[in-house]
Amino acid sequence: MDISETLKQLRSQYLINDTDFKNELIKLGCIDFIKQANPDYFVTLTFANAVDKFYAVKTLSTCLHHINKQVFGRRSKKKLTIFPFIERDASGEFHFHLAIKNPTAKKKFDLKKIIKKKWRSMHGHGFATFKKDKWFQTINTKGELDNVANYIVKQTYGNNNPLVVECLNY
């Protein structure tokens, strides 16, 4: 059963309104988008201090640019395949969840170490991010991918689409 059939069934079964229907459609679309990309890593990046959304997105974009250059080299046209999502925590502060494909580069590198180093070099980065190893997780199974995809889009509702389109082409 495809997404639209599932939604139609949900709509008729639970009599959800048009707004809820559209929200679920966006959410399921994002989940499908993530699953089709089949990322290898799930990364969470936080900020040490309160920042606005514009600053958060600009910081992530700059960080991704630096990570990309470290992985592929300064002159390379290659880019990491990253799906960035922004959300607010319980206290209302922004943080990011990234679904990342394992890059193929000529040289050997430690992506976890590079991300940690580059994020730390950003002004206002999150200290809490690196206290535990949960900030960087390998996605090994379809079940883990399903969990990651559902977790990443949990704040998709109304006019809040957490996909950070500005960072898709950093």
Exercise for review: Please work out which one of (1) more than 13 Å from the chain's Cα centre (by Cα); (2) among the hydrophobic types (A, V, I, L, M, F, W, C); (3) open to solvent by less than 30 Å² (accessible area, probe 1.4 Å); (4) within 22 Å of residue 53 (Cβ to Cβ) is the condition residue 96 fails and give its number.
Suggested key: (1)
Exercise for review: Output the helices (runs of 4 or more DSSP H) that fall wholly within region 1-94 and possess 2 or more residues being among the basic types (Lys, Arg), at pLDDT 85 or above and under 29 Å from residue 130 (Cα atoms), or say none.
Suggested key: 53-72
Check your understanding: Can you name the residue in region 132-153 that is modelled with pLDDT of 80 or more and in a loop (DSSP other than H, G, I, E, B) and, of all such residues, is least open to solvent (accessible area, probe 1.4 Å)?
Key -> 153
Review point. Looking at (1) surrounded by 14 or more Cβ atoms within 10 Å (Cβ to Cβ); (2) modelled with pLDDT under 85, can you tell me which one residue 124 breaks?
Key: (1)
Check your understanding: With respect to the numbered conditions (1) at pLDDT below 85; (2) open to solvent by 20 Å² or more (accessible area, probe 1.4 Å); (3) over 23 Å from residue 37 (Cβ atoms), which one is the sole condition not fulfilled by residue 105?
Key -> (3)
Review point. Give me the pairs: first residue in region 47-67 and within 18 Å of residue 78 (Cβ to Cβ) and small (Gly, Ala, Ser), second residue open to solvent by 80 Å² or more (accessible area, probe 1.4 Å) and assigned to a helix (DSSP H, G or I), beta-carbon distance under 9 Å, and six or more apart or on different chains, which are they?
Key: 61/166
Check your understanding: What is the one condition in (1) modelled with pLDDT of 90 or more; (2) closer than 20 Å to residue 63 by Cβ; (3) surrounded by 12 or more Cβ atoms within 10 Å (Cβ to Cβ) that residue 129 does not satisfy?
Key -> (1)
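The values are calculated or read from the model by the stated rules, or taken from the named source; none is laboratory data. What you see is a predicted model, and the numbers here were worked out from it, not measured in a lab. Neighbour counts are summed over all protein chains in view; Cβ atoms, including those assigned to glycine, are modelled from backbone coordinates with ideal geometry. These accessible areas exclude ligands, DNA and RNA; they are computed on the full protein's heavy atoms, side chains included. Shrake-Rupley method; radii C 1.70, N 1.55, O 1.52, S 1.80 Å.
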